[in-house]
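The values are calculated or read from the model by the stated rules, or taken from the named source; none is laboratory data. Everything numeric in this text was worked out from a predicted model, so none of it was measured. Reconstructed Cβ throughout: ideal geometry from the backbone, glycine too, with neighbour counts over all protein chains shown.
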Amino acid sequence: MDAAKIKYHQTGDYLLPNLKAPDNPNIGIWGMRRKEHLLKFKDPVYTGLFLSGKLNSHLVETDTAASVFPKERQKAFEMGAALAVR
């Protein structure tokens, strides 16, 4: 962000930037578990993702992939069972 493009407001004797926090995405159970794992065992990876602003997108991607996997596994199981019956 260019410093000239940032808007400021005056509070007393100070100029404070008008900043808005990014929206938090809806992270499910697998995203939360991934975050706990990163905090506990992979602190440098967590810190890097957090500081680069990519942590939330990583957690959403992890949660999405983990949520889709059981459905794909179930379909594969059903297809395998259907093939075995023939």
Sole miss for Asp2 among (1) loosely packed, with under 10 Cβ neighbours inside 10 Å; (2) at pLDDT 95 or above; (3) of a type in the set (Asp, Glu) is condition (2)
(1) on the phi < 0 side of the Ramachandran plot; (2) modelled with pLDDT of 90 or more all hold for Ala76 apart from (2)
Among the residues that make up segment 39-53, is at least one of them in a loop (DSSP other than H, G, I, E, B), at pLDDT below 95 and not β-branched (Val, Ile, Thr)?
yes
Scanning segment 1-41 for residues that are touching a Leu at 6+ places or on another chain (Cβ under 8 Å) and without any contact (Cβ under 8 Å) to a residue 12 or more places away in the chain, the one nearest to Lys54 (Cα to Cα) turns out to be Leu38
Within segment 52-73, the count of residues that are within 13 Å of the chain's Cα centre (by Cα) and not acidic (Asp, Glu) comes to 13
